[in-house]
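> There's a structure below that I have some questions on.
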Amino acid sequence: MAYGLLKGKRGIIFGALNEQSIAWKVAQKVVEEGATITLTNTPLALRMGELDALAKETGAEVIPADATSIEDLENVFRRSMEVLGGPIDFVLHSIGMSPNVRKKRAYDDLDYGMLEKTLDISAVSFHKMLQTAKKLDAIAEGGSVLALSYIAAQRTFCGYNDMADAKSLLESIARSFGLIYGHEKGVRINTISQSPTVTTAGSGVDGMSNLLHFAEKIAPLGNADAEECANYCVVMFSDLTRKVTMQNLFHDGGFSTTGMSVEAMEQYLKGGLDEIEK
Ligand code: NAI
């Protein structure tokens, strides 16, 4: 059910790759709620061809951009203001990639060139996006900017590798830039820390299906899926959250504040406490 929460708002969605992508669901939801949008992803992602279907469905223009390139980002903001007819009300950063994870380099055997890429693509791109938008004065007074994060920024999860460091930096950028942009233009900057979700980026994480199962057993409300994440993004882009900024907002069914649940304990006992007690 749509509520018209984003009626008349203009947005940019970074990072929709295929139907599984969290950004894909966000694009569908924000348009359902009355927004007009542009979509952007890397030329490589666009060549895969799936984004055309979403562009058609949402009536969005697709603008190719590598989010680590200032020139590309300038083009995204300029072109979006042109086609949407004014300053941008909301932006979603839904971008993550670690060459170390892809190449299965362990955290105690990182390739530092690859680490720089991880940080640039997954975190510094958020700063570049905000700085570019601010210099172009591309975000409207009271606008809302979101990036997607994961709890490995606060607590260590085996297999998440250097993406954990990227997420810590991403969340820090939201706080640091939020102070400046909020003060000068009332722009809100937050991160949403999402449950593990089955997507292309998610599947790259070592032991993802076990992690999904574990988180599902721990979280009292169960894991949040991509569509539920999109609903939360809608609320954060809407005028109902005008005073929420510089926050990392957990959207994880309660996982982040649960130590142990009855379900998880039962599972653990099934898995061989006898062995441990011997
Ligand atoms: P996805 O694979 O669908 O999205 C990742 C996107 O990043 C892709 O569209 C990809 O083309 C884009 N990208 C990579 N390099 C780029 C670059 N240089 N410039 C512009 N775009 C680039 O996967 P998903 O899961 O939807 O990821 C979206 C965000 O959500 C990421 O930040 C991810 O870390 C975060 N997240 C995902 C979780 C999961 O379990 N899937 C959990 C918590 C957060």
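> LEU269 fails exactly one of the following numbered conditions: (1) away from the ligand (no atom under 16 Å from the Cβ); (2) farther than 20 Å from ALA123 by Cα; (3) aliphatic (A, V, I, L, M); (4) touching a strand residue (DSSP E or B) at 6+ places or on another chain (Cβ under 9 Å). What is the number of that condition?
Result: LEU269 passes all but (4).
> It is to be established whether one or more residues within the range 189-207 are within 16 Å of the chain's Cα centre (by Cα), away from the ligand (no atom under 12 Å from the Cβ) and surrounded by fewer than 20 Cβ atoms within 10 Å (Cβ to Cβ). Before you say what the answer is, go through the steps one by one.
In the first step, residues of the range 189-207 are kept if they are within 16 Å of the chain's Cα centre (by Cα); the result is 189-205.
Pick out the ones that are also away from the ligand (no atom under 12 Å from the Cβ) and you get 189-190.
Of the ones still in play, those that are also surrounded by fewer than 20 Cβ atoms within 10 Å (Cβ to Cβ) are none.
For the range 189-207, residues within 16 Å of the chain's Cα centre (by Cα), away from the ligand (no atom under 12 Å from the Cβ) and surrounded by fewer than 20 Cβ atoms within 10 Å (Cβ to Cβ): absent.
> With at negative phi and away from the ligand (no atom under 13 Å from the Cβ) as the only criterion, which of VAL30, VAL101 stands out? Break it down into steps so the answer makes sense when it comes.
Working: VAL101 fails: away from the ligand (no atom under 13 Å from the Cβ).
Testing whether each residue is at negative phi and away from the ligand (no atom under 13 Å from the Cβ) leaves just VAL30.
> Applying the selection to the range 208-227, what residues are in a helix (DSSP H, G or I) and surrounded by fewer than 19 Cβ atoms within 10 Å (Cβ to Cβ)?
If the condition is that a residue be in a helix (DSSP H, G or I) and surrounded by fewer than 19 Cβ atoms within 10 Å (Cβ to Cβ), then MET208, SER209, ASN210, LEU212, HIS213, PHE214, GLU216, GLU227 are the ones that fit.
> Okay, moving on. Please go through the range 48-64 and give me each residue that is among the β-branched types (Val, Ile, Thr) and either away from the ligand (no atom under 13 Å from the Cβ) or within 24 Å of ASP239 (Cβ to Cβ) (or both), ordered by number.
Within the range 48-64, just THR58 meets the criteria.
> Same structure, new question: Given (1) outside any helix (DSSP H, G or I); (2) closer than 25 Å to ASN18 by Cα, where does LYS243 come up short, assuming only one miss?
(2)
> Within the group LEU169, LEU92, LEU130, which residue is in contact with a strand residue (DSSP E or B) (Cβ under 9 Å, 6 or more places away or on another chain), of a type in the set (A, V, I, L, M, F, W, C) and within 13 Å of the ligand (Cβ to nearest atom)?
Only one candidate passes the filter, namely LEU92.
> Working carefully through the options ALA45, ALA67, find the one that is touching a residue at least 12 places away in the same chain (Cβ under 8 Å), part of a helix (DSSP H, G or I) and either within 14 Å of the ligand (Cβ to nearest atom) or buried (at least 17 other Cβ atoms within 10 Å of the Cβ) (or both). Walk me through it before giving the result.
Values: ALA67 fails: part of a helix (DSSP H, G or I).
Matching residue, one of ALA45, ALA67: ALA45.
> Only one of these is modelled with pLDDT of 95 or more, touching a Pro at 6+ places or on another chain (Cβ under 8 Å) and of a type outside the set (D, E, K, R): PRO87, PRO64, PRO99. Name it.
Among PRO87, PRO64, PRO99, only PRO64 is modelled with pLDDT of 95 or more, touching a Pro at 6+ places or on another chain (Cβ under 8 Å) and of a type outside the set (D, E, K, R).
> Name every residue in the range 135-162 that is buried (at least 22 other Cβ atoms within 10 Å of the Cβ), away from the ligand (no atom under 15 Å from the Cβ) and either β-branched (Val, Ile, Thr) or modelled with pLDDT under 95 (or both), in order of residue number.
ILE139 - this is the single residue of the range 135-162 that is buried (at least 22 other Cβ atoms within 10 Å of the Cβ), away from the ligand (no atom under 15 Å from the Cβ) and either β-branched (Val, Ile, Thr) or modelled with pLDDT under 95 (or both).
> Mind telling me which of the residues ALA16, ALA27, ALA23 ends up being in a helix (DSSP H, G or I) and in contact with an Asp or Glu (Cβ under 9 Å, 6 or more places away or on another chain)?
Of the residues listed, the single one that is in a helix (DSSP H, G or I) and in contact with an Asp or Glu (Cβ under 9 Å, 6 or more places away or on another chain) is ALA27.
The values are calculated or read from the model by the stated rules, or taken from the named source; none is laboratory data. In this text, all values refer to a predicted model and were calculated from it rather than measured experimentally. Here Cβ is always computed from backbone atoms with ideal geometry, including for glycine, and neighbour counts include all displayed protein chains.
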